[in-house]
Amino acid sequence: MTSPVWHPFTQHGLGAPIPKVVRTEGAALHTADGRRVVDAISSWWVTTHGHSHPRIMAAIAEQAATMDQIIFAGWTHEPAEQLARDLVAIMPPELAHVFYSDSGSTAVEVALKMALGYWANIGAPRHRILMLEHSYHGDTIGTMSVGARGVFNRPYAPLLFDVGTVPFPEPGHEQATLDALDTLCGGADPAAAFIVEPLVLGAGGMKMYPPALLAEMRSICARHGTLFIADEIMTGWGRTGTLLACEQAGIVPDILCLSKGLTGGAVPLAVTMATREIFDAHLSDDRARMFFHSSSYTANPIACAAAVANLAIWRDEPVRARIADLGTRQQAQLDRIAAHPLVRTPRRLGTIAAFEIAPARDTIGYLSAIGPALMAHAGTRDVLLRPLGDTVYVMPPYCIDDADLDAVYGAVASFLERDLS
Ligand SMILES: *Cc1c(COP(=O)(O)O)cnc(C)c1O
C-alpha cells in the first residue's frame, strides 16, 4: 500500500523509503522498526534544547487542558500576553511590539508587509526590497521573491516580485557588498527594507560572514532610512552561540523574525517583533491604517504556552553554557574531519559546523549526488544528516552527548573513506 502523504522537498519517484518515527527524545528519533536515529540536523533546525523537553511537553499538556484556539483580533489570552512580556524582556528593548503568526515564512511575510505599511502610513511610500545573494526566507510566493532564485522556484519565477540583490560578502570582496548595498539603498527611489539572515545563510549553504560586516550593513541601511529586517528564524535561540546572531554585531534590527526554536521546536509558532516607530506608524483612529494581517491560528494558546516554557528554560537552565560546550565539541570534531583531502572550507559558528565535500573540479549544486549519497549512507548508520548539495552541516540539539556526536562524524568519515576515496 502506498501512502497518500505527499512529503515536502521529496521526490517520491525515486522510491526512497520513508522511515516512520514513533517517539522522540533528546537528540534521538525512535522509528517504528526499532531504530534509534541521531538527529544531527535538529529536525530541520527547529529543535534547540532537545526533542520532547519535559518542561515544554508538560506546558503543552497543561495548556491543552484549559483552552484551544481563540480569535486573536480584538481578543487576548494569558499565554500570548505572558509570552510577549517574556520576549520583550529577553530581546533588545527597541523591539517593543510582538506580532504573532504560525510559521517562519509567515513571520517574514508579516515583516515585509509591516515595512511597506510603515512607509505607506507615514506618507512617504517606498516599495523596493533588498536581499542578500544566496538568501532563503521561506517557500511562499513573497518569501521566495526575497530569496535566491534556482531550481526550487523556477516554475513560479514569473510571479515573484523584483528585488535588489546585494552580492554575498565573499572573503576579499566585502567592500563590493557594502558599496552595492549603499547604492541600492539610496538614489531617487530609496529602498523600503533590506532583509538579511544574520551571520549564517542557512539554506543557501551555511554560508558565514563576520559580525563586523553585519554591523556595517546595518549602519548603511540606517543612513538611508532603509528598514533593516533580521530573519533570525534559523540563527536565533542560541544557534550561533548567542541568543540572537545580531548580538555578536552589537546591532538591533527594526524588525526581527523568529520561529523554529521559539517553542524549543515542539509546536509551530512565529513572531515578528518591531520597533515602536513601526507600530506607531500603524496607530491611528483611522481603520484604514491598521495592520492588515492575520492567520487563523495566530497566537495559538498551546503554542504560546510551549514558548513560555522555552523562555523559562532559557532563564533557569545553563543553556548558554551548553551551547558553548557544544561549540567546543563541534570544533574538535570538525578539526579532525577537516584533515581529509576531500573536505573543503570547514567553518563553524556556535553550534553550527559546516564544510563542503568537493571533488575540486565542478560546482555541483543542490541536486548533486553527494548530498543524497551521504544522507543514505548516514541513514544506514542511524544518523540523520541532510546535506545542502555538496555542503555538509551538523546542527544538533544542544543536549547531544559525545557518543552521539561521535556517531554523526563517524558516519561522515566512513562515507569519505568508503564511497569517495
Ligand atoms: C526555515 C526558515 C524560514 C522559513 O520558516 P518556515 O517555518 O519553514 O516557514 C525562513 N527563514 C529562514 C532563515 C529559515 O531558516
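For the range 262-286, the set of residues classified as over 15 Å from the mean Cα position of the chain (by Cα) and assigned to a helix (DSSP H, G or I) consists of Arg276, Glu277, Ile278, Phe279, Asp280, Ala281, listed by residue number. Scanning the range 288-310 for residues that are crowded, with 20+ Cβ neighbours inside 10 Å and in a helix (DSSP H, G or I) returns Pro301, Ile302, Ala303, Cys304, Ala305, Ala306, Ala307, Val308, Ala309, Asn310. With respect to the stated conditions, Pro190 fails to be under 25 Å from Trp237 (Cβ atoms), at pLDDT 95 or above and in a loop (DSSP other than H, G, I, E, B). Taking the range 4-113 as the region of interest, the strands (runs of 3 or more DSSP E) fully inside it that hold 2 or more residues being within 16 Å of the ligand (Cβ to nearest atom) and touching a helix residue (DSSP H, G or I) at 6+ places or on another chain (Cβ under 8 Å) are 97-101. Inspection of the range 81-92 finds no residue satisfying the criterion of being under 21 Å from Leu283 (Cβ atoms), among the β-branched types (Val, Ile, Thr), modelled with pLDDT of 95 or more and more than 23 Å from the chain's Cα centre (by Cα).
Quick one: Ala249 ticks every box in (1) out of contact with any Gly (no Cβ under 8 Å at 6 or more places or on another chain); (2) crowded, with 24+ Cβ neighbours inside 10 Å; (3) within 28 Å of Glu170 (Cβ to Cβ) except a single one, so which number is it? Only one criterion in (1) out of contact with any Gly (no Cβ under 8 Å at 6 or more places or on another chain); (2) crowded, with 24+ Cβ neighbours inside 10 Å; (3) within 28 Å of Glu170 (Cβ to Cβ) is unmet by Ala249, namely (2). Considering the range 222-237 alone, what residues qualify as being surrounded by fewer than 24 Cβ atoms within 10 Å (Cβ to Cβ) and either within 12 Å of the ligand (Cβ to nearest atom) or part of a helix (DSSP H, G or I) (or both)? Within the range 222-237, Ala222, Arg223, His224 meet the criteria.
Any residue that is touching a strand residue (DSSP E or B) at 6+ places or on another chain (Cβ under 7 Å) and surrounded by fewer than 20 Cβ atoms within 10 Å (Cβ to Cβ) - is there at least one of those in the range 278-287? Within the range 278-287 (the criterion being touching a strand residue (DSSP E or B) at 6+ places or on another chain (Cβ under 7 Å) and surrounded by fewer than 20 Cβ atoms within 10 Å (Cβ to Cβ)), the answer is yes, since at least one residue qualifies. Of Leu349, Leu269, Leu283, Leu311, all but one fail to be among the hydrophobic types (A, V, I, L, M, F, W, C) and in contact with a Cys (Cβ under 8 Å, 6 or more places away or on another chain); the exception is Leu269. Residues of the range 345-373 that are at pLDDT below 95, outside any loop (DSSP other than H, G, I, E, B) and more than 21 Å from the chain's Cα centre (by Cα): Ile357, Ile370, Pro372, Ala373.
In the range 221-236, the residues that are more than 11 Å from Lys260 (Cα to Cα) and of a type in the set (Gly, Ala, Ser) reach residues that are assigned to a loop (DSSP other than H, G, I, E, B) and more than 8 Å from the ligand (Cβ to nearest atom) with C-beta atoms within less than 6 angstrom, at least six apart or across chains, in these pairs: Ala230/Pro198; Ala230/Pro253. Restricted to the range 116-141, and to residues there that are under 20 Å from the mean Cα position of the chain (by Cα) and among the small types (Gly, Ala, Ser), the residue that is nearest to the ligand (Cβ to nearest atom) is Gly138.
Of the residues in the range 207-219, at least one is at pLDDT 95 or above, out of contact with any Lys or Arg (no Cβ under 8 Å at 6 or more places or on another chain) and assigned to a loop (DSSP other than H, G, I, E, B).
The values are calculated or read from the model by the stated rules, or taken from the named source; none is laboratory data. In this text the structure is predicted, and so the values were computed from the model without any measurement. Using ideal geometry, Cβ is built from the backbone for each residue, glycine included, and neighbour counts are taken over all protein chains shown.
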